[in-house]
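Enquirer: Please see the structure below; I have some questions.
The values are calculated or read from the model by the stated rules, or taken from the named source; none is laboratory data. The shown structure was predicted, so the numbers you read here are calculated from the model rather than taken from an experiment. Every residue, glycine as well, gets a Cβ built from its backbone with ideal geometry; the counts of neighbours run over all protein chains shown. Each accessible area value is taken on the protein alone, full model and side chains, heavy atoms only, with ligands, DNA and RNA left out. Shrake-Rupley method; radii C 1.70, N 1.55, O 1.52, S 1.80 Å.
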Amino acid sequence: MNIVVSFLIFTSHVIYILPFISSQVTHLPYSGNQGQWHLLHSSIGISAMHMQLLRTNMVIMFDRTDYGPSNISLPGRQCRHDPNDTLLKVDCTAHSILYDIGTNTLRPLNVQTDTWCSSGAVFPDGTLVQTGGYNDGDHVVRTFTPCTGDNCDWLEFPNYLVRRRWYASNQILPDGRIIIVGGRRQFNYEFYPRNFQDPPRTFWLDILRQTRDQDENNLYPFLHLLPDGNLFIFANTKSILFNYNQNVVVREFPEIPGGEPRNYPSTGSSVLLPLDENKPPNVNIEAEIMVCGGAPRNSFALASSGEFIDALGTCGRLKVSGQNPYWVMEEMPVPRVMADMLLLPTGDVVIINGAALGTAGWEYGHDPVTKPVIYRQSEKPNRRFSVMAGSQRPRLYHSAAVLVPDGRVLVGGSNPHVYYNFTCVEYPTDLSLEAFSPPYMSVEYEPVRPRIVSVKEVLGYRQFFSVAFAVPELLSVSVLSVRLVAPSFTTHSFAMNQRMIVMKLIGVTRVAPETYEISLVGALDGGDCAARLLFAVCGAR
């Protein structure tokens, strides 16, 4: 049995901590508990295509502006006037909302330009930086700075981006910049913010050209920042270790076995598995990537002619920090395309949403997979996947999921049609919002589920800090684990910027009945640029 005290954090100059309350049983099966689903809203007015948890315990969600009118009005009789909109020049409905987790309430926001298939990352001060989209939004940078009142809304910076960024991916970097990689017919990357002393420019990235096939299959490339400060980039079947400051490929990794594509529209998903600071001196932190699901080559072309073939059922793990990296393949219980992969506070991976047939795209996914799967890397290979309880609602193309501070997973969206289409289709547009509670939130684990009593909200790199928590049953100090989680910007089955670090535990003191104080330090070995990302002292390399 293992008790996990976890936090959601925001990068990178300061850390804003939101308490995470969870527990984990590591040596027992899920004992028949497959988690629970709860319907939070039958309609939030929009289809939650993009989601980001903010430091104010709220989640910002948005879809696109050229669907037509949504089911929620803009406040104060506002209307959006856009002569470039492909459907409505005047639209008095909202296409973005701010959801309050604590009160289960929401308010509409006003986004001006089209955010369809865009990307994002959270800045050091907690501001969401959102990039690109479609039509009049493809060169736009938008920001949303959370506030305690109702006055904060989207700000837009037209034509900031050098290139059109539609289906691109973002990653926050150790120096506080955001790298924006790829997009449709864009074999390059750029940074935000750029250095205004230099002319606006982009940088060539040949792996994107190499991996584009007849159906593309390299959009929304998987990006993961590694402990050495370099960037892992995966597109289609290929992956590299990339030094983005010098525009140099440091290393090429073996292709994922099977030769089948894993990126949009053959949409699989990927995570960087938790980084563990509890290493002996002079031992480097191990970085391992996991890629799951997708669709076989030509799935998009076949689906366009009405033939829907089986999705991919494999997951691959690659230890990118090893001397001789190679893929280790495993089989999921059910094939899956368009699934979201999220790190749970226990360090397990939940695979949620998606379909068993077809691929991503309008009307191209069939046979929804409504049962999440939890992957537990601590188990033996034949026991790592556990099938959870199913939702009543299919979540296909344009659905999304994010982890929230109480340990639940918010799930919304699904609009596999050109517009908001609620009738006369097999899979109607879904405007609802659900929460999936993993097994660690069940009643049977209440005695070992910690409750955070107090914690410092702003931490510095290498600073010692403490967390006070209450738990009815603390079996042993050896079962304690404390983790920092960087919340993701999730869209199109990829949780950008998602990251988990297992903190280095120094000691535990009992301060009152059922109350303990745990002492910790971050990035103790000083060589981990991933931890320095969290504490913001890792300069450009």
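Enquirer: For segment 134-188 and segment 266-314, what is the separation of their Cα centres, given in Å?
Expert: 24 Å
Enquirer: Along the positive direction of the dipole of segment 290-433 (beta-carbon charges: Lys, Arg +1; Asp, Glu -1; about the Cα centre), which of Val369, Pro345, Tyr397 reaches farthest?
Expert: Pro345
Enquirer: What number, in nm² with one decimal, is the all-direction average of the projected area of the convex hull of the alpha-carbon atoms of segment 41-169?
Expert: Working: hull surface 30.5 nm².
The orientation-averaged projected area of the Cα hull of segment 41-169 comes to 7.6 nm².
Enquirer: For segment 257-408, what is the per residue volume of the convex hull drawn over the alpha-carbon atoms, in cubic angstrom?
Expert: On the way: hull volume 17.9 nm³, N = 152.
So the per-residue Cα hull volume is 118 Å³.
Enquirer: Leaving out ligands, DNA and RNA, what percent of the accessible area of segment 254-296 is carbon and sulfur, probe 1.4 Å?
Expert: On the way: 620 of 1340 Å².
For segment 254-296, the apolar C and S fraction of the accessible surface comes to 46 percent.
Enquirer: Which value, in Å², gives the accessible area per residue of the chain when a 1.4 Å probe is used on the protein heavy atoms?
Expert: 36 Å²
Enquirer: Further question on the same structure: If you add up the charges near Asn421, with Lys and Arg at +1 and Asp and Glu at -1, over every other residue whose beta carbon is less than 11 angstrom from its beta carbon, what do you get? Could the numbers behind the result be given before it?
Expert: On the way: positive: none; negative: Glu363, Glu426, Asp430.
So the surrounding residues net to -3.
Enquirer: Considering Cα pairs under 8 angstrom that are at least six residues apart, work out the relative contact order of the chain and quote it in whole percent. Don't skip to the end; give the middle numbers.
Expert: On the way: 1580 pairs, mean separation 102.2, N = 541.
Dividing the mean separation by the residue count of the chain yields 19 percent.
Enquirer: P(r) tail for segment 372-497, what percent of Cα pairs lie past 22 Å?
Expert: Numbers: 4366 of 7875 pairs.
In whole percent, the share of Cα-Cα pairs in segment 372-497 beyond 22 Å is 55.
Enquirer: Something else about it: Please compute the net charge surrounding Val181, taking Lys and Arg as +1 and Asp and Glu as -1 over other residues with Cβ under 12 Å from its Cβ.
Expert: Values: positive: Arg163, Arg165; negative: Glu190.
Surrounding charge for Val181 is +1.
Enquirer: Let me ask something else about it. Report the Cα centroid-to-centroid distance between segment 52-82 and segment 383-446 in angstrom, as an integer.
Expert: Using only Cα atoms, the two centres lie 20 Å from each other.
Enquirer: Please work out, to two decimal places, the log10 of the ratio I(q)/I(0) at q = 0.11, 0.19, 0.26 Å⁻¹ from a Debye calculation in which every Cα of segment 200-292 carries one identical scatterer.
Expert: Log-scaled intensity ratios, in q order: -0.35, -0.93, -1.40.
Enquirer: Convert 37 °C to kelvin, take the viscosity as 0.692 mPa s, use the Kirkwood radius over C-alpha pairs of segment 128-284 as Rh, and evaluate the Stokes-Einstein diffusion coefficient in µm²/s, rounded to a whole number. Intermediate results must be reported in sequence, preceding the final value.
Expert: Numbers: Rh = 17.0 Å.
Calculated translational D: 193 µm²/s.
Enquirer: Taking a 26 Å limit on the Cα-Cα distance, which of the listed pairs Lys279/Lys456; Lys238/Lys279; Lys279/Lys319; Lys238/Lys380; Lys371/Lys504; Lys319/Lys456 fall beyond it? Let's see the in-between values first.
Expert: On the way: Lys279/Lys456 24 Å; Lys238/Lys279 30 Å; Lys279/Lys319 16 Å; Lys238/Lys380 28 Å; Lys371/Lys504 35 Å; Lys319/Lys456 34 Å.
Pairs exceeding 26 Å: Lys238/Lys279; Lys238/Lys380; Lys371/Lys504; Lys319/Lys456.
Enquirer: What percentage of the solvent-accessible surface of segment 440-485, computed with a 1.4 Å probe over protein heavy atoms, is contributed by carbon and sulfur atoms? All intermediate terms of the calculation are to be shown ahead of the outcome.
Expert: Values: 1220 of 2280 Å².
Carbon and sulfur: 53 percent of the exposed surface of segment 440-485.
Enquirer: Ignoring ligands, DNA and RNA, please state the percent of accessible area on segment 331-392 from carbon and sulfur, probe 1.4 Å.
Expert: Details: 990 of 2040 Å².
Roughly 48 percent, rounded to a whole number.
Enquirer: Sticking with this one: Kindly provide the pair-distance distribution of segment 355-409 built from C-alpha pairs, with 10 Å bins from 0 and whole-percent values in order of increasing distance.
Expert: Computed distribution, short to long bins: 20, 39, 34, 7.
Enquirer: Continuing with this model, one more query. To the nearest 500 deg cm²/dmol, what mean residue ellipticity at 222 nm is calculated for the chain from DSSP H runs of n ≥ 4 alone, each contributing -39,500 (n - 2.57), summed and divided by the residues?
Expert: The per-residue figure over the chain is -1000 deg cm²/dmol.
Enquirer: Provide the solvent-accessible area of Cys424, counting protein heavy atoms only and rolling a 1.4 Å probe, rounded to the nearest 10 Å².
Expert: Rounded to the nearest 10, the figure is 140 Å².
Enquirer: Using a cut-off of 14 Å between beta-carbons, work out the net charge of the residues near Arg376 (Lys and Arg +1, Asp and Glu -1, Arg376 not included).
Expert: Values: positive: Arg317, Lys380, Arg383, Arg384; negative: Glu330, Asp348, Glu379.
Residues near Arg376 contribute +1 overall.
Enquirer: Now a separate question. In nm, to one decimal, how far is the modelled label at Phe464 from the one at Arg77, with both set 7 Å along Cα→Cβ?
Expert: Once both label points are built, they end up 6.3 nm from each other.
Enquirer: Also, quick follow-up: Averaging over all projection directions, find the projected area of the Cα convex hull of the chain and quote it in nm² with one decimal place.
Expert: Details: hull surface 93.5 nm².
With every direction weighted equally, the projected area is 23.4 nm².
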